[in-house]
1. Of a type in the set (Ser, Thr, Tyr) and closer than 30 Å to Leu147 by Cα - does that describe any residue in the range 158-176?
2. Collect the residues in the range 146-163 that are more than 22 Å from the chain's Cα centre (by Cα) and not charged (D, E, K, R), keeping them in residue-number order.
3. Within the range 237-259, restricting attention to residues that are more than 33 Å from the chain's Cα centre (by Cα) and not small (Gly, Ala, Ser), which residue is nearest to Gln386 (Cα to Cα)?
4. Do you know which residues across the range 303-343 are modelled with pLDDT under 90, out of contact with any Cys (no Cβ under 8 Å at 6 or more places or on another chain) and not charged (D, E, K, R)?
5. Every residue in the range 107-145 that is acidic (Asp, Glu) and either within 19 Å of Asp90 (Cβ to Cβ) or buried (at least 20 other Cβ atoms within 10 Å of the Cβ) (or both), please.
6. Residues that are within 15 Å of the ligand (Cβ to nearest atom): find the helices (runs of 4 or more DSSP H) completely inside the range 221-316 holding 2 or more of those.
Amino acid sequence: MNQTPRANRLHIGLFGRRNAGKSALFNAIIGQDMALVSELPGTTTDPVFKNFELLPLGPCVLIDTAGLDDTGALGPQRIRKTRQIIKRVDIAILVLDPYQKIDAFEKQLLEEFQREKLPVIKVVTKADTAPVNYIQQAKDELGPPVLAVDSYTGTGLRELTTRIIQAAPEDFDQVSLIGDRLPSTSTCILVCPIDSSAPRGRLILPQVQTLRDLLDYNHQALVVKDTELHRALDALSAPPDLVITDSQAFASVHAQLPREVPLTSFSILFARYKGDLPTLLAGTAAIPQLKNGDRVLIAEACTHHRQTDDIGTVKIPRLLKQLSGVELDIQHSSGYHYPDDLDQYALIIHCGACMINRRQMLSRIHQALEAGVPIVNYGLFLAYAQGILPRVLEPFQDELH
Ligand code: SF4
């Protein structure tokens, strides 16, 4: 975590009046006492920076700032420094003190954030003891939503974390699908089965995106059906640097490939690209723990046309049954629908999420973690089911330790 350069971290700034509770909120988010908290207004003079990891989003830096209403001798200097921070952050948290009136000060600050095109999260601190009606008043004055958070009891902190994840720019910490991890001018084979579940006349999005990513990094790619893999291997004068297959063809590709040839799948690339590979991998530990009657959610991020032997509704339920040997209550969700009450599930198996952005997928993973429910994606589940998880993760070993 400490190796991530600060510039690559998501910058989140806390802004507001003196004594609004910014430093206490800073400490509550970070989980340790770092910013000096005091009842005396103006305790924070220079901005305080802290690197931290916000799961499952990744590396962030939280910045506590001096109150923008600082009237002391050094006030103008401190206000200038705070204003410079506004230009550096990706997300602004406007901290509201329920014991101070909302007036033009907050409205101007909000306008300043809007001019910078910053996502803003409005937070009323000291929520557990705040005067009744204050939240509604804040919504009326500044517009909804307004979160109620108490830094000392933890009220509302989870929701704040969710809002931060949702507010993160779509391209935050965007990684290449695979191109940046391969030696220059590598040769890859992409295995794209054309069976009854393949759409007519085109490749699917993960295959197309992977191909484009390899081209962007000046690698070469040979695209074949699983039935033609042996011909592609014979045609090459040296073994390929990587074979990427549809996860549904894992068994046959694994069997055909010499063990020394690296293998992974499109769905595993997407676990890393759209989600969080270590968290989704950790979810596989729940598969052998499933018990009779456990409820499992199979979630897909789009409502594609279902084919015979559909992966989500037929193949994965069949494999789950074989693997666990117990009777499970398998439920499905698709498209934008993703249940709120995730804690009823013993496991979530999510698709590769090619149709939603990274922020949405991270938000789904976060919801699962908050509910204490393990989550895996299709590729990891299928590799686990075939007993080849270690092999298909070899290309990412350095990211998993
Ligand atoms: S969003 Fe999910 S279900 Fe839809 S095509 Fe992509 S991987 Fe498949």
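1. yes
2. Val146, Ala148, Val149, Ser151, Tyr152, Thr153, Gly154, Thr155
3. Gln256
4. Thr303, His304, His305, Gln307, Thr308, Tyr336, His337
5. Glu111, Glu112, Glu116
6. 266-273
Residue-wise test of (1) out of contact with any strand residue (DSSP E or B) (no Cβ under 7 Å at 6 or more places or on another chain); (2) hydrophobic (A, V, I, L, M, F, W, C); (3) more than 30 Å from Glu228 (Cα to Cα).
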residue: Ile268; (1), (2), (3): yes, yes, no
residue: Lys315; (1), (2), (3): yes, no, no
residue: Ser324; (1), (2), (3): yes, no, yes
residue: Gly335; (1), (2), (3): yes, no, yes
residue: Asp340; (1), (2), (3): yes, no, yes
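To keep it simple, each residue is scored yes or no on (1) surrounded by 20 or more Cβ atoms within 10 Å (Cβ to Cβ); (2) hydrophobic (A, V, I, L, M, F, W, C); (3) more than 16 Å from the ligand (Cβ to nearest atom).
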residue	(1), (2), (3)
Leu147	yes, yes, yes
Thr155	no, no, yes
Thr161	no, no, yes
Gln166	no, no, yes
Pro183	no, no, yes
Pro193	no, no, no
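The values are calculated or read from the model by the stated rules, or taken from the named source; none is laboratory data. None of the values given here were measured: they were computed from a predicted structure. We place every Cβ from the backbone using ideal geometry, glycine too, and count neighbours over all the protein chains shown.
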